[in-house]
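Chemist: Got a structure for you, written out below as structure tokens; questions coming shortly.
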Amino acid sequence: MTDFLSPRRQHPLGVLILSAQFLWRFGQQAWPLLIGASFSDNAFHKILIGGAIFLALSAVYALIYYLRFAYHVSGDALIVEKGVLRRERLQVPFERIQTIQLFQGPIQQAFRLTGLKVDTAGSSGSELQLVAIRKEEASALQALLRQRSKDAQPQTGGEFAVDADMSVGLAEPADGTASPTLQSTAETASPEPDGTKRELVSLSLGGLLKVGLSQNHLRNAFAGFALVSYGIGNRPDMITSWVDSLPPFLAPLVGLAFLLLILPGIVLFLMSGVVFSLVTAVLKYYRLESSIGREGLHIDMGLLRRNTFQVPFERIHLTIWRSNWIRRKLGFETLEVRQAQAQSSSQGGLRVMLPAMEPQHRAILEGELYPDLDAAMPVMQVSPVRRLRWLLWLAALAPLAWVWSSMSVAGATVFSALWVAFTGWTTAQRFASLRMAVHSDTVVIEKGWFWQRRILLRLAQIQGVEWERIILLERRAIGHLVFHTAAGPRRFNYITRTEGDAIRSWAMNQHHARGTRA
């Protein structure tokens, strides 16, 4: 068995990988300087000499960084010592470890090495990132850290203070009884005792094409258009000189050609977005394989950068099912798994995306994570108050003020009539899609009719439930309900105070009951 008790370094080829990483980071920060240098005299020679100098400095810095980096496992923590000009000694307690991820970039794959990242709930980045270790060592370290982290987890539910005015944490209710208006319907089931793995998504070439075709092509097309526009915008003199050099009789023909190319240009614009989506899908999800077992959710995917995730069930704080009309036509959804966020992060924690999840895959995963969803009926169902429907419509009608100020009366009248009908239908669909169901230990929030989202979180993992008041609607006892989790807050807007209080009481009682049983 590999010994991690004494300080150890990475594989010597880590110097090469660290040099490449330093060069990449410099390129991300210094690309405006490189563009500016390209317009100066003798630009090629200046860039070549500067690149050679920086390449040498990066190699020296990477060598020093490699020699001064060491890690080992102590009795209750992972110890990391690193730094070139400033030395650091990090001590990461096992109970803070959220994810141990294996990854392989192009260089690691070429030399049969593996990288390893350790993420925690209390930092904005990775506490430990090894870039070059042998695969068997990485697997042994991953297994050791996962086991130590699991053993270090507390066995009892936490208690949080109650804010009587605005929010409530998960604490014992005053009378120690369950909510009189809500009754439990199911208990949380334990994982399968035999530890049998069950396969989820395994993408073939056809599956990759389906995933690529279901991406946001318009967004990708605009990204490519912005890049082309930037390149053209940096050469205005060249374009002007080319137009001035044309014979006088060709100028109208060029203008007519550009006019006739508008429709093909739009088609080419959209096709470029589709191609970009297919390329990114292949790079990100190539040879994707996923399964679940007693150890949790396992995912392995990627072409240039191969990522391996092992996410224990107890570390999954939030799941989001995303779909659009293309995915619904193709019969699958994209799953987003979130773990605890960093203290300084507002992005909702570590995210793992799993595409092409078909209905049977969702049934398997939710059966493990949320067994109480099998109940015939939820404990409580909530929808926003009707007032939200009119507020959404009013917000959608706001652009008409610009239409009436910039168009003729006849044109503004026709456009307004069409816009009122269109936004009336879309906001009605959007309002009808907003609903929340509360089960014995799971909250399900559904949003969206075109881009649909289905958010699931467990009451046992909720850190607090906040009632957010609306000043203009406080007299009508209408507000927002906010669920605070380790993966970030989730909210459901415009419900009555009575419904909000009932859900908060249910969340407190369920969390307390599970903490007592534990």
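Chemist: List the number of the failed condition for Gly424; all other conditions in (1) without any contact (Cβ under 8 Å) to a residue 12 or more places away in the chain; (2) more than 31 Å from the chain's Cα centre (by Cα) hold.
Modeler: All conditions pass for Gly424, except number (1).
Chemist: Looking at region 198-237, which of its residues are basic (Lys, Arg) and modelled with pLDDT of 60 or more?
Modeler: Selection gives Arg198, Lys210, Arg219.
Chemist: Now for a separate question. List every residue pair whose Cβ atoms lie under 9 Å apart, where the two residues are 6 or more positions apart in sequence or sit on different chains, the first residue falls within region 357-369 and is within 19 Å of Tyr285 (Cα to Cα), and the second residue, located anywhere, is at pLDDT below 95 and part of a helix (DSSP H, G or I).
Modeler: If the second residue must be at pLDDT below 95 and part of a helix (DSSP H, G or I), the pairs left are Met357/Leu365.
Chemist: Tell me, which residue of region 259-283 that is touching a residue at least 24 places away in the same chain (Cβ under 8 Å) and within 19 Å of the chain's Cα centre (by Cα) is nearest to Thr114 (Cα to Cα)?
Modeler: Per the stated criteria, the residue is Val282.
Chemist: So Arg351 ticks every box in (1) more than 19 Å from Gly448 (Cβ to Cβ); (2) modelled with pLDDT under 90 but one. Which box is left unticked?
Modeler: In the conditions (1) more than 19 Å from Gly448 (Cβ to Cβ); (2) modelled with pLDDT under 90, Arg351 misses (1) alone.
Chemist: Could I ask something else about it? Quick one: is Gln339 of a type in the set (S, T, N, Q) and surrounded by fewer than 14 Cβ atoms within 10 Å (Cβ to Cβ)?
Modeler: no
Chemist: Also: Among the residues of region 110-128, write down those that are modelled with pLDDT of 85 or more and either among the basic types (Lys, Arg) or crowded, with 18+ Cβ neighbours inside 10 Å (or both).
Modeler: Result: Arg112, Leu113, Thr114, Gly115, Leu116, Lys117, Val118.
Chemist: Out of (1) exposed (fewer than 13 other Cβ atoms within 10 Å of the Cβ); (2) touching a residue at least 24 places away in the same chain (Cβ under 8 Å), the odd one out for Leu434 is which?
Modeler: (1)
The values are calculated or read from the model by the stated rules, or taken from the named source; none is laboratory data. The structure displayed is predicted, hence computed values, not measured ones. Every residue, glycine among them, receives a Cβ derived from its backbone with ideal geometry; neighbour counts consider all protein chains shown.
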